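Taking it in order: structure first as structure tokens, then the write-up.
What follows draws every value from the coordinates through simple rules; no lab data is involved. Because the structure is a prediction, the values reported are computed rather than measured. We place every Cβ from the backbone using ideal geometry, glycine too, and count neighbours over all the protein chains shown.
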Amino acid sequence: MRPFAVVLLALALAGCGGGGRHGTATLWVTRDRGAHVLFSGSVPAGLDGIQTVERRLKVTTRYGGRYVQSIAGIAGSLSGQRDWFFYVNGVEGGRSAAEVTIRPGDVLWWDYRSWTPATMDVPVVAGAFPHPFVDRGDTRVFGKAMIARALARQVHGSVGGLGGAENVIVVGTHLAPDTVRIEPFHHGYRLDLGIRIARRLARDPSALRYRF
């Protein structure tokens, strides 16, 4: 009976989260719009956005633990207009990170940067590509055929007419060759790419990593 009881206990623990059922996510911690990388690595999923970074770096908080004050000894300053901002899969956190659960496969990105009232909100960034395009809806890719098809495969979308797609990627020969511009678009997102950076991205899905 003892081996059978051990098996039952192991199954019960797995069902209650004792077996690492949450999987892993990715954590990036950077400064100055991704210019300097302080940490990049895997973390346990299933925690909130503050607990997740606490697993790898020293963190202090404010407002009852709801907001990050410092990471790795680098503190925000209201008077100095520098602070920590977070993104999940390239989308800016619109609430306390303590209220956001990090899921398996997510990319949690904390960036320390200066801000002004005009630049405080950056709703979406390109550096977590192929997020956020793999996370919601269909993606249409327009541009030179071979590059567009390669990008479409990366984001599990399709090449063709707009047709109700929530997301759009445009490869534009009318743009400067290394242009990267991302913004909200209808119910999804639009990414404009110059031809040179689009070619790089078609070969290497990480070519935009840490880019704002």
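Data table
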quantity: Rounded to 5, percent antiparallel among DSSP beta bridges of the range 139-203; calculated: 40 percent
quantity: Highest-fluctuation residue, His22, His131, His174 considered, GNM on the chain with Cα pairs under 10 Å; calculated: His174
quantity: GNM result for the chain, Cα springs below 10 Å: residue of Gly46, Gly94, Gly76 fluctuating most strongly; calculated: Gly94
quantity: The range 141-190 versus the range 84-106: alpha-carbon centroid distance in Å; calculated: 24 Å
quantity: Total charge dipole magnitude, the range 139-203, about the Cα centre, Cβ charges on Lys, Arg, Asp, Glu only, Debye to nearest 20; calculated: 340 debye
quantity: Three-way shape call for the range 24-114 based on the alpha-carbon gyration tensor, with the a/c threshold at 1.5; calculated: prolate
quantity: Gained length - Met146 relative to Asp204, 0.36 nm times residue gap less alpha-carbon distance; calculated: 19.4 nm
quantity: Compactness of the range 139-203 - radius of gyration and Dmax, Cα, Å; calculated: 10.7, 28
quantity: Extreme residue, positive dipole direction of the range 139-203, given options Leu175, Ala150, His186 (C-beta unit charges); calculated: Ala150
quantity: Distance (nanometres) between label positions extended 7 Å along Cα→Cβ at His36 and Ala75; calculated: 1.8 nm
quantity: The chain, dipole about Cα centre (Lys/Arg Cβ +1, Asp/Glu Cβ -1), debye to the nearest 20; calculated: 520 debye
quantity: Beta bridge orientation in the chain: antiparallel %, DSSP, nearest 5; calculated: 65 percent
